[in-house]
Amino acid sequence: MDINEAKKKIEELRKTLEYHSNRYYNEDAPEITDYEYDMMMRDLKALEKQFPQLVESSSPTQHVGGKAKREAGVLVRHNVPMLSLQDVFSKEEVEDFVREMEEKLDHPEFVVEYKIDGLSMSLRYENGDLVLAETRGDGIEFGEDVTENARVIDDVVQHLSDGPEYLEIRGEVYMKNKDFDEVNERQEMLGKKIFANPRNCAAGTLRQLDSSVVKERKLSLFIFNLQQVRGREFSTHTEAYEYMKSQGITVIENYKLCHNFEEVWDAISFIGENRGNLTYDIDGAVVKINSYRDREFLGNTAKVPRWAVAYKYPPEEKETKILDIELSVGRTGRINPTAVFEPIRLCGTTVSRATLHNQDFIDDLGVGIGDTVVVYKSGEIIPKIKAVVKEKRPIDTVTFHIPETCPVCGSKTIREENTADIKCTSASCPAQLERNIINFASRDAMDLKGFGTVYIEELVRKGYIKDIADVFLLKNHREELIELGIIGKEKNTDKLLSVIEEAKQKDADRLFTGFGIPNVGKSAAKSLLIHFGSIEKIADASVEEMTRVEDIGEITANCIFTYFHEPANREILQRLKEYGVNLEKETETLASDVFSGKTFVITGTLPTMGRKDAQSFIESNGGKVTGSVSKKTDYLVAGEAAGSKLDKATALGITILSEEELINMTKKEEE
């Protein structure tokens with residue numbers, strides 16, 4: 001390869017790596033695996049080593065990934081840089097590191113420990129009291145202050161009984177797999193976006209503005225390094241660990257003290273063989289020098305310490321045969337295909353199932369029952385199918401297709417707009433009934449205050465609610481409900497039944513939103529009802545008629561058409577009418593039309609208005625509010641901690657308004 005080819009390849013790799021680094025560190029939404037990223041970084045390092053004249057300070061090989069962000073707190077300056085580690089990928093590279101340390105140091109000791117897959121955080125203590133928690137941020141100068149969120153993490157010790165004058169320790173915030181599964185189950189039940197993996201969930205949660213969300217999601221913490229101390233002395237990493245444990249601090253589990261390469265490699269191999277049995281994800285093993293004096297002598301580069309490396313395990317892959325593809329229906333109605341295959345051992349555990357995600361994934365693989373496939377473990381815990389071994393395909397095997405009817409209730413299925421999800425259209429499908437009722441009662445829909453998830457789950461399980469319309473029949477079971485205590489005593493039961501009865505007269509767009517039709521949120525429901533006047537007329541409309549409404553596309557119109565052409569859903573609509581539930585849109589009188597034809601996005605915390613208040617204000621003056629910034633956005637109303645929406649709006653040249661400026665626009669119209 002000549003220098004011109006190398007330069008072109010280096011530029012391509014740098015651009016790609018910077019993009020994926022931003023997705024990982026700043027957006028918490030990676031698009032590729034850690035292994036794929038590591039291999040690209042390795043290629044870039046090799047090229048820069050071969051052509052040192054092409055190395056630039058801005059290269060991803062020369063700086064720590066990530067940048068400090070402002071969404072979750074103020075920026076704080078690091079007392080000690082929070083550097084990343086040098087990655088190695090082979091036994092030979094580990095041996096090279098150990099031999100180098102043995103050449104430079106006198107009988108060095110090594111500590112081998114888990115590399116936890118999470119988000120780095122440092123804790124500062126003064127005279128035993130926790131005074132600050134900060135994220136890595138840019139790793140060199142600044143991180144984010146996340147102290148209030150750290151205080152609600154159970155593993156974070158608030159006070160040390162024998163604390164020195166100053167102590168700074170660094171650890172990894174992560175999620176145990178069971179806690180991650182519970183969060184995603186809750187997200188799915190509420191119809192919210194689910195997290196891709198525990199690391200993303202932990203990172204996004206730690207940056208939350210609301211510490212109650214952090215506490216609810218049960219983050220965990222392992223400490224893996226002493227950063228700085230005054231008023232006490234430690235000579236080794238393991239000595240510091242023992243002190244931390246005496247103070248109730250949770251340090252990395254099962255670390256191993258080693259004295260030569262053979263012991264180091266045995267420890268790495270042991271972790272690799274048993275990592276599938278852990279209750280949390282790791283993404284490698286760390287080898288570090290034990291002596292602090294030796295660490296100080298070795299020092300750091302601009303990006304990594306010279307006294308440690310992180311060994312990344314190669315993905316373990318095996319072939320197996322698909323025996324069946326099972327279909328299940330989640331609480332959102334999404335149909336989930338799962339491959340069942342002949343059991344194999346991967347990363348220390350036996351696996352026999354792997355998700356096939358959706359029809360696009362199945363089509364890309366071309367996978368069918370009877371195929372031989374390559375299975376690997378992602379994040380050292382989740383089995384995934386990598387490829388189909390085409391040459392081993394039986395003659396009669398064909399690519400699998402998710403059926404057009406729900407496997408649970410037999411209703412029609414539809415594909416959601418801008419997603420690969422195929423969903424059941426029946427509001428009374430047993431597999432998703434609880435979630436549908438929770439959505440129906442939610443603040444954005446019927447807003448049935450006091451009708452909580454626990455009550456809904458119990459009423460569904462005991463058979464009192466089989467569809468949306470049954471909510472308005474609960475009054476017929478008043479005595480039974482009081483006797484069983486499902487909602488509480490007589491006073492609580494009557495209060496909820498009264499709320500449900502009063503809800504019959506609420507705006508029809510709330511009811512329409514409550515149906516949970518894919519792609520139909522509050523804005524679409526409102527637009528359709530303004531145009532058609534009633535839910536019954538929408539139910540009788542053709543796809544073509546619905547697409548005449550502004551912002552209602554063909555996919556959304558098809559979702560509505562399919563929903564109302566399910567006999568069970570038409571029956572529910574008829575029953576709601578019989579029970580006296582309002583199906584018609586009341587004529588609204590706008591305060592003004594000053595915002596007519598204008599699209600707004602609201603972000604951040606406004607000084608006096610809640611987000612819903614601001615939306616109502618805009619809509620009452622003829623404007624429209626959407627959730628994301630695009631070229632169609634006319635104004636961004638920005639408050640404190642506006643975040644990425646503000647960055648995008650600025651890049652697109654969209655007018656930014658404060659709350660005061662928004663209000664003043666209507667005052668000018670009055671004048």
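You will find that of Gly622, Gly653, Gly643, Gly597, the residue that is surrounded by fewer than 18 Cβ atoms within 10 Å (Cβ to Cβ), closer than 23 Å to Val74 by Cβ and among the small types (Gly, Ala, Ser) is Gly643 and no other.
Here is the figure for the stretch 482-501: residues that are closer than 24 Å to Arg443 by Cα, aliphatic (A, V, I, L, M) and in contact with a helix residue (DSSP H, G or I) (Cβ under 8 Å, 6 or more places away or on another chain) total 5. If you check Ala557, Ala524 for being part of a helix (DSSP H, G or I), under 30 Å from the mean Cα position of the chain (by Cα) and more than 18 Å from Thr626 (Cα to Cα), only one passes: Ala557.
The residues in the stretch 572-599 that are in contact (Cβ under 8 Å) with a residue 60 or more places away in the chain and not small (Gly, Ala, Ser) can be counted, and the count is 12. The residue list Glu31, Glu36 contains one member that is under 28 Å from Ile194 (Cα atoms), modelled with pLDDT under 70, among the charged types (D, E, K, R) and loosely packed, with under 14 Cβ neighbours inside 10 Å, which is Glu31.
When you check Leu573 against the structure, is it under 16 Å from Ser426 (Cα atoms) and surrounded by 19 or more Cβ atoms within 10 Å (Cβ to Cβ), yes or no? Taking the combined requirement at face value, the residue satisfies it.
The set of residues in the stretch 443-460 being free of Cβ contacts under 8 Å to residues at least 24 places away in the same chain and closer than 22 Å to Asp613 by Cβ consists of Arg443 alone. Restricting Asn260, Asn290, Asn277, Asn254 to residues that are in contact with a Ser or Thr (Cβ under 7 Å, 6 or more places away or on another chain), farther than 25 Å from Gly139 by Cβ and either touching a residue at least 60 places away in the same chain (Cβ under 8 Å) or polar (S, T, N, Q) (or both) narrows the list to Asn277.
In summary, Val594 fulfils each of the numbered conditions (1) assigned to a loop (DSSP other than H, G, I, E, B); (2) assigned by TED's automatic domain parsing to the domain that holds Leu433 with the single exception of condition (2). Going through the stretch 197-237 one residue at a time, which ones are more than 25 Å from Lys256 (Cβ to Cβ) and among the acidic types (Asp, Glu)? Within the stretch 197-237, Asp210, Glu216 meet the criteria. In this structure, is Thr603 surrounded by 19 or more Cβ atoms within 10 Å (Cβ to Cβ) and among the hydroxyl-bearing types (Ser, Thr, Tyr)? Taking the combined requirement at face value, the residue satisfies it. When we screen Ile538, Ile552 for residues that are outside any loop (DSSP other than H, G, I, E, B) and in contact with a Leu (Cβ under 7 Å, 6 or more places away or on another chain), the only hit is Ile538. Only residues that are hydrophobic (A, V, I, L, M, F, W, C) and closer than 15 Å to Ile116 by Cβ were counted across the stretch 259-276, and they come to 1. The set of residues in the stretch 436-461 that are surrounded by fewer than 22 Cβ atoms within 10 Å (Cβ to Cβ), farther than 14 Å from Ile500 by Cα and within 23 Å of the chain's Cα centre (by Cα) comprises Asp444, Thr453.
The values are calculated or read from the model by the stated rules, or taken from the named source; none is laboratory data. The structure displayed is predicted, hence computed values, not measured ones. Counting neighbours? That spans all protein chains shown, and the Cβs are built from the backbone with ideal geometry, glycine included.
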